[in-house]
Amino acid sequence: MKSEYIMATLGEKLAQSLEKLKELQDSGVSIIKATDLTRGHRERLVVNGFISEVLKGWYISTPHEEQQGDSTSWFTSFWEFCSRYLEDRYGEDYCISAEQSLMLHSGNTSVPTQLIIRSTKGNNLSTSLLFGTSIFVMKSPLPDVAEIEVNSSIRMVNLVSSIIYSTPSIFIKQPIDSRTALMMIKDSSELLNILLDRGHSTIAGRLSGAYRNLGQNKFADDILKTMKSAGYTIREFDPFKELTPIKFDSWERSPYVNRIKLMWQNMRSEVIKIFPQAPGIPEDIKTYMQRIEEIYVTDAYHSLSIEKYRVSPELIESVRSGSWNINENKEDRKQKDAMAARGYWQAFNAVKGSISRIFKGENAGVVVDQEHGDWYRELFAPSVAIGLLKPSDLAGYRTNQVYIGQSKHIPINKDGVRDVMPLLFELLKEEKEASVRSVLGHFLFVFTHPYVDGNGRMGRFLMNTMLISGGYPWTVIPIKERDRYMDALEKASVEQNIKPFAEFIAYLVEAGLKGKPIASKIS
């Protein structure tokens with residue numbers, strides 16, 4: 001009886017602490033300072049896994065079910081944490097470095113290993129945070145007030161100043177970020193105002209060379225001629241000289257559109273170099289489609305398992321055979337896993353319909369552009385039918401921010417999604433190499449994460465549709481290779497290094513071409 005009383009008391013106290021936490025969250029506070037809660041509340045919430053300490057006196061909210069060592073809560077909270085912590089510590093006497101500002105302007109919101117801050121109150125020391133991240137506060141004068149802006153509550157250097165004052169090395173280390181930022185400038189006068197007033201002749205020479213590399217000769221000439229007319233001696237230097245020159249017919253103000261264009265251009269040659277040559281559309285299409293049908297159970301099992309659904313070959317087979325019934329099997333009606341299996345079967349059939357159109361000679365990019373929405377609706381229609389999801393969940397692209405578990409990559413914001421997706425399908429339509437369509441199509445789809453859920457399954461459907469458009473076999477990504485698969489996507493997303501992902505998909509495809517697929521048949 002005594003132990004029951006003690007347990008009840010402890011439960012009541014935890015409930016009180018959770019009420020205090022909920023009050024904070026309801027008021028919009030998810031980054032918690034020690035003074036926001038009493039010591040007793042803090043300790044109970046930490047012990048029970050509802051908040052985690054980032055550094056002394058600072059905490060983030062964490063889902064109770066999140067396992068120890070899971071970085072998801074931290075990576076999704078990183079920028080919000082930095083915002084509140086830096087404002088509390090430095091007020092308006094800080095801004096993030098020009099290099100990190102440039103990356104954010106270019107649409108790169110990945111969590112950095114170290115965030116570098118400038119402040120007159122800096123101590124030139126690094127403060128360790130969670131999961132190998134840190135903040136380094138450099139003792140340094142701040143830029144002029146006019147050069148600082150607040151974006152998502154973070155004080156950063158504005159676009160023009162970030163381009164001018166970033167160190168030259170960023171053009172080599174972060175070519176996609178720096179090129180994207182340069183492409184956001186619409187008129188050379190935006191840069192020339194600072195270059196002229198402060199006599200930055202060396203920087204002017206570097207920027208003129210960078211714009212010429214991007215095919216913008218007029219832009220480059222404007223910088224050179226204007227600086228020379230003001231009496232400066234200019235030596236043009238191309239910071240991208242080691243990279244392949246790129247020219248776009250039109251520029252977008254959207255950093256996301258420019259970023260995707262650059263990623264495609266930079267990555268496609270690596271994919272072509274790694275991938276086996278496309279066999280071409282098979283002559284015996286009927287037999288080819290039968291093979292796709294035969295691989296369904298194996299594909300569904302592995303694809304759903306990668307997303308951590310608990311499905312069995314028996315459940316998948318019953319869905320395919322029609323013995324599983326949403327109305328009669330009331331137990332299955334309650335199962336999220338069963339709904340996922342049913343949706344996968346319906347989407348798989350829709351994908352086969354798209355493949356049939358491609359085999360008839362239609363452009364693969366056009367077909368997928370027109371029909372990927374049908375795949376998505378079929379994927380989740382069973383969950384909507386029994387009330388697990390709202391009908392509005394089938395509306396289309398997401399209308400809020402999403403995050404990827406344990407990833408430093410933060411997907412494009414909801415407005416950027418609507419800019420990027422038409423571009424992605426345009427790139428797929430224009431690309432001649434099926435290997436590039438499949439690898440970059442899959443990668444950039446999940447990089448964008450256009451839907452609230454189902455992006456991995458949709459990305460793999462897209463990959464296989466594009467593989468088949470070149471005559472490659474339907475390729476299953478096996479659950480035993482999940483870590484390699486996710487790590488390769490992470491490297492491509494955060495480091496813009498497509499090689500590990502291209503090598504991984506090529507390894508699976510080559511095994512399939514030899515008739516020895518890595519994913520064994522599920523019986």
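General remarks:
- Straight-line cross-link partners of Lys360 among the aspartates and glutamates, defined as a Cα under 16 Å from its Cα and at least 8 positions apart when in the same chain: Glu283, Asp284, Glu371.
- Hull volume per residue, based on the alpha-carbon atoms of the range 405-503 and their convex hull, is 100 Å³.
- For the listed peptides 210-218, 254-262, a ranking on the average number of other beta carbons within 10 Å per residue, highest first, reads 254-262, 210-218.
- Other-chain or far-sequence residues with amide H under 5 Å of Asn151's (modelled H): Met156
- When the P(r) of the chain is calculated, the portion above 36 Å amounts to 43% of the C-alpha pairs.
- All distinct Cα pairs of the range 93-229 go into the 1/r average, and the inverse of that average, the Kirkwood radius, is 15.7 Å.
- Between Val46 and Glu510, the FRET efficiency estimated from the beta carbon spacing at R0 = 45 angstrom works out to 0.35.
- For the chain, a crude dipole built from +1 on the beta carbon of Lys and Arg and -1 on the beta carbon of Asp and Glu, taken about the Cα centre, is about 540 debye to the nearest 20.
- Cross-link table Lys139/Lys241; Lys186/Lys491; Lys352/Lys432, entries beyond 25 Å C-alpha to C-alpha: Lys139/Lys241; Lys186/Lys491
- 20 Å Cα-Cα reach of Lys390 towards lysines, excluding residues that sit fewer than 8 places from it in its own chain: Lys330, Lys334, Lys336, Lys414
- Separation in nanometres of the label points that stand 7 Å from Cα toward Cβ, at Asp483 and Val366: 4.6 nm
- Over the range 255-513 - Rg/Rh using Cα atoms and the Kirkwood inverse-distance radius: 0.94
- Rounded D (µm²/s) - the range 179-260, Kirkwood Rh over Cα pairs, Stokes-Einstein at 4 °C, 1.567 mPa s: 100 µm²/s
- Among 76-82, 404-410, the peptide with the highest mean count of other Cβ atoms within 10 Å heads the list, and the full ranking is 76-82, 404-410.
- Separation of the range 381-429 and the range 30-71, taken as the distance between their Cα centroids, equals 30 angstrom.
- Potential extension, Glu190-Glu426 segment - 0.36 nm per residue separation minus Cα distance: 81.9 nm
- Per-residue ³J(HN,Hα) for the range 490-500, Karplus 6.51 cos²θ - 1.76 cosθ + 1.60, θ = phi - 60°, Hz, x for Gly and Pro: 5, 4, 5, 6, 8, 9, 6, 10, 7, 4, x
- Distant-in-sequence amide contacts of Ile51, defined by a placed amide H-H separation under 5 Å and a gap of 5 or more residues or a different chain, comprise Val46, Thr62.
- Ordering 159-166, 305-312 by mean Cβ neighbour count within 10 Å, with the highest value first, yields 159-166, 305-312.
The numbers here are math on the coordinates, done by the rules we state, and not lab data. The shown structure was predicted, so the numbers you read here are calculated from the model rather than taken from an experiment. FYI the Cβ positions are ideal-geometry reconstructions off the backbone, even for glycines, and counts take in every protein chain you see.
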